[in-house]
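Presented below is the structure to which this report refers.
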Amino acid sequence: MSAAPLSIAVIGAGIGGLSAAVALHRAGFAVDVYEQAPELTEVGGGINMGPNAIRVLRSYGLAAALDRDGVRPQSTHQRRWQDGRTLQQAPLNPRCEELYGAPHMTFHRRDLLAAIATGFPAEHIHLNHRLAGFADQGDRVAAWFDNGARISVDVLVGADGIHSIVRTQLFGEAAPDFAGCVAYRGLVPMDRVAGLGVADGNQSWLGPGGHLVHYPVSGKRLLNFVGWTEHDTWNREDWTDRATIERALAAFADWHPQIRHIIAAADTCFIWALFDRDPLPRWSVGRVTLLGDACHPMYPFMGQGAAQAIEDGAALAACLLAGGDDPAAALHRYEQWRLPRVSRLQAMSRANKIRFHMPDGPQQQARDAEWARATDRSPDALRWLYEHDPAALAEPAAA
Ligand SMILES: Cc1cc2nc3c(=O)[nH]c(=O)nc-3n(C[C@H](O)[C@H](O)[C@H](O)COP(=O)(O)OP(=O)(O)OC[C@H]3O[C@@H](n4cnc5c(N)ncnc54)[C@H](O)[C@@H]3O)c2cc1C
């Protein structure tokens, strides 16, 4: 890198933006993060972090911070909605560490964001800064915010989520696609569900037109649940819309008693609608690029949206380190390196919505028989996903 490090503005301090800021800061760049919210916080409940993402975060020196409240579930267990019969079951930990050098972990989102934040100087996070627009001037990028602040940097990274202003300015306005699915989610104190034996593993319950996932978070003090059901229309996509417990119970009316016990044990239940977008053909124009949900929002049915955002940050830092003399070329290389992998995961996540929500009948029976033969959720079966090193840049494939 030249004597004066590149100055980089990251727009958005979600899991993607903040972890990219850590990667870029560690690579020696002069990084500032601009977040519209008045505080650093993640709404929503729990999140799964596959070993591909945990390995990246550990490489930033965050292992101890992650271990503070992160949970290492022993297994993943797919069950049938009505009678609880096992469809698939596979070990997660310590198997992931043995195979991929990092555990599979579950977190409360707030705990994960706090752990990542320990890797970045707080004085370079600018809260209450909502990006309003930017202009690529060839050798610099100017950007301005709703609060009147203006900046000029070498590179601007839009990590500003599914409604990204940066993406809109680069590629035009386009509404995200509603998945026809809403989630009821909640957090339950573990002592209220102590008799269910749910503190040590991830469980997914699959039924006609829906599925429900639960796993421990926050040092096993809480059980996180997210139950998906299909809906025709939706006109909001806010994490924090409240639903009544009664409404969530009605959505899972005939399901296994364990499901209904967990939902009934929550104090509050939120409802959230699911959106994604088709893969974009490109993410970068000149000295401006995108990462995370800003460029590849995906259904959470591979548990990889945030994990891929974390990988993006590692790849972006590696590309700028290797080719910082020509930032536009480095950003182009970054998107070329990342696009095939995240597009594949976007497609797999969509396919899982259909596989997870099959009505009872011949197709569902064929799916169950296939899963009885081969466990596709096992870490052993996901080598291509979990062993990938996003910072080990391979040469771009010949055109
Ligand atoms: C129910 C559910 C479960 C999921 N489970 C998993 C899982 O288990 N594992 C997994 O890996 N992924 C999961 N995901 C996906 C994951 O949550 C997202 O992919 C991830 O949070 C995206 O992070 P991000 O930083 O790209 O975007 P966001 O989290 O949306 O962050 C964007 C940030 O930018 C800020 N911002 C927006 N506009 C501006 C602006 N103009 N100026 C300044 N700041 C701005 C926002 O305030 C926000 O802080 C799940 C998603 C859902 C909905």
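Only the coordinates and a few stated rules stand behind these numbers; no lab work does. Just so it is clear, the structure is predicted and the values come from calculations on it, not from any experiment. A quick note on method: Cβ atoms are made from the backbone with ideal geometry, for glycine too, and the neighbour counts reach across all protein chains shown.
First select every other residue whose beta carbon is under 14 angstrom from the beta carbon of R192; then total the charges, Lys and Arg +1, Asp and Glu -1. List each step's numbers first, then the result.
Details: positive: K220, R221, R260; negative: D191, D267.
My count for the surroundings of R192 gives +1.
In plain terms, the chain is cut at each of the GluC sites (Glu not before Pro) found in a DSSP loop with at most 16 other Cβ atoms within 10 Å, and the longest leftover piece is 238-386. Using θ = phi - 60° in the Karplus curve 6.51 cos²θ - 1.76 cosθ + 1.60, the 3J(HN,Hα) couplings for segment 324-333 round to x, 5, 10, x, 4, 5, 5, 5, 5, 4 Hz; x is entered for Gly and Pro.
Can you give the alpha-carbon Rg of segment 61-111 over 2.2 N^0.38 Å, where N counts its residues? Intermediate results must be reported in sequence, preceding the final value.
Values: Rg = 13.7 Å, N = 51, 2.2 N^0.38 = 9.8 Å.
Dividing the Cα radius of gyration by 2.2 N^0.38 Å gives 1.40.
Based on the Kirkwood radius over alpha-carbon pairs, what is the Stokes-Einstein translational diffusion coefficient of segment 1-114 at 4 °C with 1.567 mPa s viscosity, in µm²/s? All intermediate terms of the calculation are to be shown ahead of the outcome.
Working: Rh = 16.2 Å.
Translational D for this selection: 80 µm²/s.
One compactness figure for segment 47-139 is 1.52, namely its Cα radius of gyration divided by 2.2 N^0.38 Å. Averaging sequence separations of C-alpha pairs under 8 Å and six or more residues apart, then dividing by the length of segment 266-399, give the relative contact order as a whole percent. The normalised contact order for segment 266-399 reaches 26 percent. Computed from phi, the 3J(HN,Hα) profile of segment 179-194 under the Karplus parametrisation 6.51, -1.76, 1.60 (θ = phi - 60°) reads 7, x, 8, 10, 10, 9, 9, x, 10, 10, x, 4, 5, 7, 10, 4 Hz, with x in place of Gly and Pro.
Using only alpha carbon positions, build the gyration tensor of the chain, then give the equivalent ellipsoid semi-axes as the square roots of 5 times its eigenvalues, largest first, whole angstrom. Provide the component values of the computation, followed by the final result.
Working: eigenvalues 262, 95, 84 Å².
Ellipsoid half-lengths, sorted descending, are 36, 22, 20 Å.
Shape verdict for segment 328-395, please, from the Cα gyration tensor: rounded (a/c under 1.5), prolate (a/b greater than b/c) or oblate. Here segment 328-395 falls in the oblate category.
Projecting the Cα atoms of Q203, G324, Y100 onto the charge dipole of the chain (Cβ charges, centred on the Cα centre) puts Q203 farthest toward the positive pole.
With both residues required to sit in the chain, DSSP beta bridges show an antiparallel share near 70%. Taken over the alpha carbons of segment 32-187 as equal point scatterers, the Debye sum produces base-10 log I(q)/I(0) values at 0.14, 0.20 Å⁻¹ of -0.95, -1.29.
How large is Rg/Rh for segment 96-150, to two decimals, with Cα atoms and a Kirkwood Rh?
Working: Rg = 18.1 Å, Rh = 14.9 Å.
We get a ratio of 1.21 for segment 96-150.
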